[in-house]
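The values are calculated or read from the model by the stated rules, or taken from the named source; none is laboratory data. If you're wondering where the values come from, they're calculated on a predicted model, not measured in any experiment. Positions of Cβ are generated from backbone atoms using ideal geometry, with glycine treated the same way; all protein chains shown enter the neighbour counts.
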Amino acid sequence: MKIDLPVYTTKLPVKNTTVEFTPIIVKEEKNIIAAKETGSNKDGYNTLLKILENKTNMKVRDLSETDIIHLILELRKKSIGEQFKTSFNCPKTNEKVEIDVNITDVELIGTCKESTIKSGDLIVHIKMPSDFSETISAISSVETTEEKIDFDSISDNEKQEIIDSFPVSLNNEIRDKIKTLYHYLYVIDYTTNDTTRRIKLSSAEDFFTLLFAM
């Protein structure tokens, strides 16, 4: 028996295109759980990305991390709901902490999709990264007085060699500029041992861990 699932649409904030998707079904949820239990949280995350690619008919892994998080948020909303309870162990005390989560509280912050940094004879063009923790994925090109190097046309080793040759001050400026790009942020405030603590979630894998703690 084939069940017709509802089809939802959402607009990706960075790519600025509308995507169709269907909600997660029980079999897919079981696949995510199995991947986490027999492997690691990363395996569960990769399983979810594969499911998203099947549901959207697009190469999700090629999207910016911000658009990936957007899809994860929308999939969770339409498949399971916006509000739920979950728990985790405090990284400081290892105490179990229970929290109420409302996905509508997740914020899209930042001011731009791209930027440019000038430092002496160097011009560095910044783009939306596939991974905010990796500077290498946020650089689209580097210009000198003699040439323009397109990062899409060189290997990762060559990219890293260029980054390693930057002055420390330029590398720090690039990191600061990346923080101004559009990205999602969710802050969890909680108390253990009479101390108020805070956890900030910002990576796609962070949000997977929060939203699909099955």
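Exactly one condition in (1) assigned to a helix (DSSP H, G or I); (2) surrounded by 15 or more Cβ atoms within 10 Å (Cβ to Cβ); (3) hydroxyl-bearing (S, T, Y) is not met by Y190; state its number. For Y190, the exception is condition (1). Scanning the range 50-78 for residues that are closer than 24 Å to I33 by Cβ and either surrounded by fewer than 18 Cβ atoms within 10 Å (Cβ to Cβ) or among the basic types (K, R) (or both) gives K50, E53, N54, K55, R61, R76, K77, K78.
Pick from D121, D152, D131, D164: which is within 23 Å of the chain's Cα centre (by Cα) and surrounded by fewer than 11 Cβ atoms within 10 Å (Cβ to Cβ)?
Numbers: D121 fails: within 23 Å of the chain's Cα centre (by Cα); D131 fails: surrounded by fewer than 11 Cβ atoms within 10 Å (Cβ to Cβ); D164 fails: within 23 Å of the chain's Cα centre (by Cα).
Result of the check over D121, D152, D131, D164: D152.
One residue is enough: does the range 48-69 have a residue meeting the conditions of a type in the set (V, I, T) and within 12 Å of F212 (Cα to Cα)?
Here is the first cut: in the range 48-69, the residues of a type in the set (V, I, T) are 51, 56, 60, 66, 68-69.
Of the ones still in play, those that are also within 12 Å of F212 (Cα to Cα) are none.
The answer is no; no qualifying residue exists.
Reported count of residues in the range 133-146, each being assigned to a loop (DSSP other than H, G, I, E, B) and at pLDDT 95 or above, is 0.
Whenever a residue of the range 194-214 is within 19 Å of K78 (Cβ to Cβ), its partners that are aromatic (F, W, Y) and buried (at least 19 other Cβ atoms within 10 Å of the Cβ), lying with C-beta atoms within less than 6 angstrom and at least six residues away or across chains, give the pairs F208/Y45. Determine whether E82 is acidic (D, E), in contact with a Ser or Thr (Cβ under 7 Å, 6 or more places away or on another chain) and surrounded by 12 or more Cβ atoms within 10 Å (Cβ to Cβ). Criteria met by E82. Candidates are the residues of the range 48-90 that are in contact with a Lys or Arg (Cβ under 8 Å, 6 or more places away or on another chain) and of a type in the set (S, T, Y); the one that is farthest from A204 (Cα to Cα) is S87. The strands (runs of 3 or more DSSP E) located wholly in the range 1-103 that include 1 or more residues which are of a type in the set (A, V, I, L, M) and closer than 30 Å to T196 by Cβ occupy 96-102. The single condition among (1) at positive phi; (2) in contact (Cβ under 8 Å) with a residue 40 or more places away in the chain that G81 does not satisfy is (2).
Give the residue, chosen from K159, K118, that is of a type outside the set (S, T, Y), farther than 30 Å from K78 by Cβ and part of a helix (DSSP H, G or I).
Numbers: K118 fails: part of a helix (DSSP H, G or I).
Exactly one of K159, K118 is of a type outside the set (S, T, Y), farther than 30 Å from K78 by Cβ and part of a helix (DSSP H, G or I), namely K159.
Search the range 1-13 for residues that are surrounded by 11 or more Cβ atoms within 10 Å (Cβ to Cβ) and pair each with any residue that is part of a strand (DSSP E or B) and among the β-branched types (V, I, T) when their beta-carbon atoms are under 8 Å apart and the residues are at least 6 apart or on different chains. Correct list of pairs: T10/T18; T10/V19; K11/T18; K11/V19; L12/T18; L12/V19.
Can you name the residue in the range 156-179 that is without any contact (Cβ under 8 Å) to a residue 12 or more places away in the chain and of a type outside the set (D, E, K, R) and, of all such residues, is nearest to S115 (Cα to Cα)? Step by step, filter the range 156-179, then rank; the result is N172.
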